[in-house]
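What follows is a single structure, written as structure tokens, with notes after it.
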Amino acid sequence: MWGHKFKRNRRCPQMPLNDIACKGFKPESKSYKKSDEKGLYLEIMPNGSKYWHLKYRFNKKENRLSFGVYPEISLKEAREKRDEARKLIREGIDPAKKKKVEKLTQYINAENSFENVAREWHNNQKSGCTERHANYVLKRLRYNLLNYSIYTFGHS
């Protein structure tokens, strides 16, 4: 108008999600995302499942953290988890790595850890051999396998 160019394709700021909207999102042929705020979004998959994710930057890299499936993790819980993750980022901690370490710690502390399974196997096997051989096998297990953590086996 009068020689001025106006941009008509301005995006209006989106309203944050609410529970009714989350329930109402229908699956399409491809997955799509619906943003909430501060990096939180709900990803709707073609099979109808809905996943909470947080998109964030850490050390100049874009990352994505998953919080869980929508009906099990409510909008309120997802926002609380988002706020906790953003707090960790401000403190200089990568929330995805922290989550991975916590999961690994739980796995190591589980009753079915490698050490417990190895000791149970040894107890079952030692009845068919001499005491000297059973002690030798246990000693080799300790020396070769049980001194290493699970983390050492899975990661370099």
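Tabulated values for the structure
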{"quantity": "Top-ranked residue of segment 79-120 - restricted to ones that are in contact (Cβ under 8 Å) with a residue 40 or more places away in the chain and farther than 24 Å from residue 59 by Cβ, ranked as surrounded by the most Cβ atoms within 10 Å (Cβ to Cβ)", "calculated": "79"}
{"quantity": "Of the criteria (1) exposed (fewer than 11 other Cβ atoms within 10 Å of the Cβ); (2) part of a loop (DSSP other than H, G, I, E, B), which one residue 20 fails", "calculated": "(2)"}
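One line per residue, one yes/no per condition, for (1) at pLDDT below 85; (2) in a loop (DSSP other than H, G, I, E, B); (3) in contact with an Asp or Glu (Cβ under 9 Å, 6 or more places away or on another chain); (4) of a type in the set (Lys, Arg):
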| position | (1), (2), (3), (4) |
| --- | --- |
| 97 | no, no, no, yes |
| 103 | no, no, no, yes |
| 136 | no, no, no, no |
| 148 | yes, yes, no, no |
| 151 | yes, no, no, no |
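The values are calculated or read from the model by the stated rules, or taken from the named source; none is laboratory data. The structure presented is a predicted model; accordingly, all values stated were derived computationally and were not measured. Reconstructed Cβ throughout: ideal geometry from the backbone, glycine too, with neighbour counts over all protein chains shown.
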